[in-house]
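The values are calculated or read from the model by the stated rules, or taken from the named source; none is laboratory data. What you are looking at is a predicted structure, and each value in this text was computed from that prediction instead of being measured. In this analysis, Cβ positions are derived from the backbone assuming ideal geometry, glycine residues included, and neighbour counts consider all displayed protein chains. Just so you know, the surface numbers come from the protein's heavy atoms only, side chains and all, with ligands and any DNA or RNA stripped out. Shrake-Rupley method; radii C 1.70, N 1.55, O 1.52, S 1.80 Å.
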Amino acid sequence: MSKNKPKLAVVGAGKMGEAIISGFLKSGEYDPQDIQVFEILKSRREYIGQTYNVKCVGDSKEAVSFADLTIVAVEPRHMKEALEQIAPAMKPGKIVVSIAAGVTLEFVRKYLPKDAPVVRVMPNITCRVGEAMIVVCPSENTKKEELEMVIGTLSLLGHVIRLDERYLNLATGMVGSGPAYIYLIIEAFADAGVRMGLPKDVSILLAAQTTLGAAKMVVETGEHPAKLKDMVATPAGTTVEGLLALEEGKLRAVTKAAQRAKQLQPS
Ligand SMILES: NC(=O)c1ccc[n+]([C@@H]2O[C@H](COP(=O)([O-])OP(=O)(O)OC[C@H]3O[C@@H](n4cnc5c(N)ncnc54)[C@H](OP(=O)(O)O)[C@@H]3O)[C@@H](O)[C@H]2O)c1
């Protein structure tokens, strides 16, 4: 990666823009001087500049002129305006990545020079810790080497796969929104621990690390989750109690498993 590392521009430094900047710097492959940021809000520009030491410019064309790869991370309703602003700086060889939910490649290309390569991407907020799921889909004029460069760069933020554009909205619901669903599960899991008397910080750690480990098992073993679940659930054990309660929609079901654990204690 270090050799042909593309210089980056991030247009729109809200929650996702910040997660992306932070993830690239955390990867150790990028230094602050490799990234320039354009953000419309002055207070936000100042915050990003001070926090990450990256150059925050007052004109998006300046950042795009500097960069090989421009990541547009503004809300879907501001995409037209953001693309019109950067279009004059899109010289041959420069690539645009759009992470806007629901915004098609066709829409993005309409506002950029005809030959500009565009990659539609759906990441999530876990870019920040280098563990994002990232789905990519290139415009048909994107060259193989350009796509490889985009995939190589985004791989610093997590796991990248290519999908057809018809799956991108679906990926938004799963990948983009997904962390929120998992946070709800972790919160419920941790609440159950607190209810049983664990200190809150300990309970959150237990719930979060257990979630992380379970997810890693699925990814690394390639086993079906049902098989992995079976490995944990012994007959008449604690897990099966929790699983039964969960299937009734009781997310705080860990209490059931704990009650069962008490019953199992040899007297
Ligand atoms: N949040 C997620 O988990 C997530 C996941 C995947 C994809 N996405 C996509 O990522 C994009 C950004 O989402 P977000 O959650 O980061 O939103 P956000 O926090 O609202 O950030 C967007 C930022 O871009 C700024 N902005 C607006 N127009 C601009 C322009 N023309 N040039 C430069 N900056 C501009 C906004 O400023 P103002 O506040 O002044 O408008 C805001 O600071 C969205 O398109 C969303 O669909 C989000």
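Structure values in brief
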{"read-out": "Selection from segment 84-106 of residues that are open to solvent by 60 Å² or more (accessible area, probe 1.4 Å) and part of a helix (DSSP H, G or I)", "value": "E84, Q85, P88, E106"}
{"read-out": "Residue among S65, S22 that alone is within 21 Å of P179 (Cβ to Cβ) and surrounded by 15 or more Cβ atoms within 10 Å (Cβ to Cβ)", "value": "S22"}
{"read-out": "Contacts under 8 angstrom Cβ, first residue in segment 219-230 being on the phi < 0 side of the Ramachandran plot, partner among the β-branched types (V, I, T) and modelled with pLDDT of 95 or more, 6 or more apart", "value": "P225/V218; L228/V218; L228/T221"}
{"read-out": "Filter result for G249 (on the phi > 0 side of the Ramachandran plot, open to solvent by less than 60 Å² (accessible area, probe 1.4 Å) and either in contact with a helix residue (DSSP H, G or I) (Cβ under 7 Å, 6 or more places away or on another chain) or away from the ligand (no atom under 16 Å from the Cβ) (or both))", "value": "no"}
{"read-out": "Number of the condition not met by E81 [criteria: (1) within 14 Å of the ligand (Cβ to nearest atom); (2) over 28 Å from S27 (Cβ atoms); (3) open to solvent by less than 60 Å² (accessible area, probe 1.4 Å)]", "value": "(3)"}
{"read-out": "All positions within segment 69-78 that are within 8 Å of the ligand (Cβ to nearest atom) and over 16 Å from V118 (Cβ atoms)", "value": "E75, H78"}
{"read-out": "Q50 being under 25 Å from P88 (Cα atoms), away from the ligand (no atom under 11 Å from the Cβ) and modelled with pLDDT of 95 or more", "value": "no"}
{"read-out": "Strands (runs of 3 or more DSSP E) enclosed by segment 107-204 - at least 1 residues per element that are open to solvent by 70 Å² or more (accessible area, probe 1.4 Å)", "value": "158-162"}
{"read-out": "Hits in segment 211-220 (condition: in contact with a helix residue (DSSP H, G or I) (Cβ under 9 Å, 6 or more places away or on another chain) and open to solvent by 70 Å² or more (accessible area, probe 1.4 Å))", "value": "M217"}
{"read-out": "Tabulated pairs, segment 125-149, first farther than 20 Å from E18 by Cα, second open to solvent by less than 30 Å² (accessible area, probe 1.4 Å) and within 13 Å of the ligand (Cβ to nearest atom), C-beta under 7 angstrom, 6+ apart or interchain", "value": "C137/R120; C137/L168"}
{"read-out": "Where P32 falls short, out of the listed (1) away from the ligand (no atom under 13 Å from the Cβ); (2) of a type outside the set (A, V, I, L, M, F, W, C); (3) free of Cβ contacts under 8 Å to residues at least 12 places away in the same chain", "value": "(3)"}
{"read-out": "Conditions (1) under 22 Å from P92 (Cβ atoms); (2) within 14 Å of the ligand (Cβ to nearest atom); number of the one not met by F66", "value": "(2)"}
{"read-out": "Segment 88-104: number of residues that are more than 12 Å from the ligand (Cβ to nearest atom) and in contact with a Leu (Cβ under 9 Å, 6 or more places away or on another chain)", "value": "5"}
